[in-house]
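Asks: This is the structure I want to talk about, given as structure tokens.
The values are calculated or read from the model by the stated rules, or taken from the named source; none is laboratory data. All values derive from a computational prediction rather than experimental measurement. Reconstructed Cβ throughout: ideal geometry from the backbone, glycine too, with neighbour counts over all protein chains shown. Side chains are part of the model used for accessible areas, which takes the heavy atoms of the whole protein and leaves out ligands, DNA and RNA. Shrake-Rupley method; radii C 1.70, N 1.55, O 1.52, S 1.80 Å.
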Amino acid sequence: MKRLLLAWATAAVVLPLAACDQPAPWARAAAAPALAQIKATPRAQAIMWNEDKDAFEIAGRTLKAGRLWTFDGSTEGFVLTGGAALPGAPVGLEIQNQRADPMLRSPTGLALDGRRYSLVLVRMTRTRPGAAWDGAIFYRTTNHGESGEFQAKPIDGADPALNETVVAVYDMSRLKSGGDDWTMSQIDQIRLDTDDQAGGGFVIHQITVTENPGPEALTTSAAGPTTVAAR
């Protein structure tokens with residue numbers, strides 16, 4: 001009996017001491033809620049992202065990139081004027097358009113030969129509805145800054161619907177304004193305008209500046225599968 005009483009007494013002392021090693025429930029850090037994953041529908045297009053190759057391709061041909069940004073846990077130097085650009089989850093660049101005419105700019109100093117690399121691809125998913133889709137790309141060169149006189153519009157993949165993933169395709173050898181300026185220049189920086197109005201949201205999965213397979217390839221209808229293991 002004495003041994004049993006002694007065991008009870010020891011337990012009564014040890015248990016409070018063990019409890020003292022743990023913070024009070026109100027003092028414990030709250031567990032971060034799991035981030036919801038977007039269920040996006042890819043648009044059928046000729047150009048697709050191949051997850052296994054970590055590259056864009058068209059009709060099975062890998063496009064050689066002069067620059068490729070995949071935003072794997074980083075903004076990779078991209079800055080959004082008129083909103084917020086944050087690393088997405090698990091990967092990607094999350095865009096929140098908070099004011100009218102938001103502008104997403106790449107880092108400067110790209111030093112890209114515009115003649116060799118005249119195709120810009122932006123793979124994105126719309127996550128929040130917006131208004132007044134723009135979709136223009138502007139750019140800076142070693143000879144001039146951003147200007148409405150030098151811009152391109154997507155020839156495919158424009159104006160994604162809510163929860164739709166597209167590859168916005170820009171043939172910079174055929175600018176909306178500027179003639180052959182891109183192909184005659186060294187490109188220092190690019191700028192993407194999504195919606196003209198506030199409120200919209202996107203996840204930018206990848207942006208690349210690649211070699212251009214030519215207008216015939218770019219206008220080929222997509223008949224095969226869409227993306228491979230889209231992320």
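Asks: Among E216, E149, which is open to solvent by 50 Å² or more (accessible area, probe 1.4 Å), modelled with pLDDT under 95 and of a type outside the set (G, A, S)?
Replies: E216
Asks: Now, a different point. So F138 clears everything in (1) in a loop (DSSP other than H, G, I, E, B); (2) over 22 Å from S74 (Cβ atoms); (3) open to solvent by 10 Å² or more (accessible area, probe 1.4 Å) except one condition, right? Which one?
Replies: (1)
Asks: Being under 14 Å from the mean Cα position of the chain (by Cα) and either in a loop (DSSP other than H, G, I, E, B) or free of Cβ contacts under 8 Å to residues at least 24 places away in the same chain (or both): is that true of P154 here? If you could, list the steps in order and put the result at the bottom.
Replies: Numbers: under 14 Å from the mean Cα position of the chain (by Cα): no; either in a loop (DSSP other than H, G, I, E, B) or free of Cβ contacts under 8 Å to residues at least 24 places away in the same chain (or both): yes.
When the stated conditions are applied, P154 does not pass them.
Asks: Every residue in the range 99-112 that is exposed (fewer than 13 other Cβ atoms within 10 Å of the Cβ) and of a type outside the set (A, V, I, L, M), please.
Replies: Passing the criteria: R99, T108, G109.
Asks: From the list Q45, Q37, Q96, exactly one residue is at pLDDT below 95, under 26 Å from A161 (Cβ atoms) and open to solvent by less than 80 Å² (accessible area, probe 1.4 Å). Which is it?
Replies: Working: Q37 fails: open to solvent by less than 80 Å² (accessible area, probe 1.4 Å); Q96 fails: at pLDDT below 95.
None of the others qualify; the one that does is Q45.
Asks: Another one. May I ask you to list pairs of residues, at least six apart or on different chains, whose Cβ atoms are under 6 Å apart, with the first in the range 78-91 being in contact (Cβ under 8 Å) with a residue 60 or more places away in the chain and the second being open to solvent by 60 Å² or more (accessible area, probe 1.4 Å) and part of a strand (DSSP E or B)?
Replies: Pairs that qualify, where the first residue is in contact (Cβ under 8 Å) with a residue 60 or more places away in the chain and the partner is open to solvent by 60 Å² or more (accessible area, probe 1.4 Å) and part of a strand (DSSP E or B), are G88/E94.
Asks: Within the range 98-123, track down each residue that is closer than 16 Å to I187 by Cα and either charged (D, E, K, R) or free of Cβ contacts under 8 Å to residues at least 40 places away in the same chain (or both).
Replies: R105, D113, R115, R116
Asks: Tally time: how many residues in the range 157-174 are within 19 Å of the chain's Cα centre (by Cα) and charged (D, E, K, R)?
Replies: Final tally of qualifying residues: 2.
Asks: Can you tell me which residue among K2, K53 is over 30 Å from G130 (Cα atoms), modelled with pLDDT of 80 or more, over 17 Å from the mean Cα position of the chain (by Cα) and surrounded by fewer than 12 Cβ atoms within 10 Å (Cβ to Cβ)? Show your work before the answer.
Replies: Values: K2 fails: modelled with pLDDT of 80 or more.
After ruling out the rest, the residue left standing is K53.
Asks: Okay, moving on. Do you know which residues across the range 77-118 are of a type in the set (A, V, I, L, M, F, W, C) and either touching a helix residue (DSSP H, G or I) at 6+ places or on another chain (Cβ under 7 Å) or more than 30 Å from N143 (Cβ to Cβ) (or both)?
Replies: Of everything in the range 77-118, those that are of a type in the set (A, V, I, L, M, F, W, C) and either touching a helix residue (DSSP H, G or I) at 6+ places or on another chain (Cβ under 7 Å) or more than 30 Å from N143 (Cβ to Cβ) (or both) turn out to be A84, L86, A89, V91.
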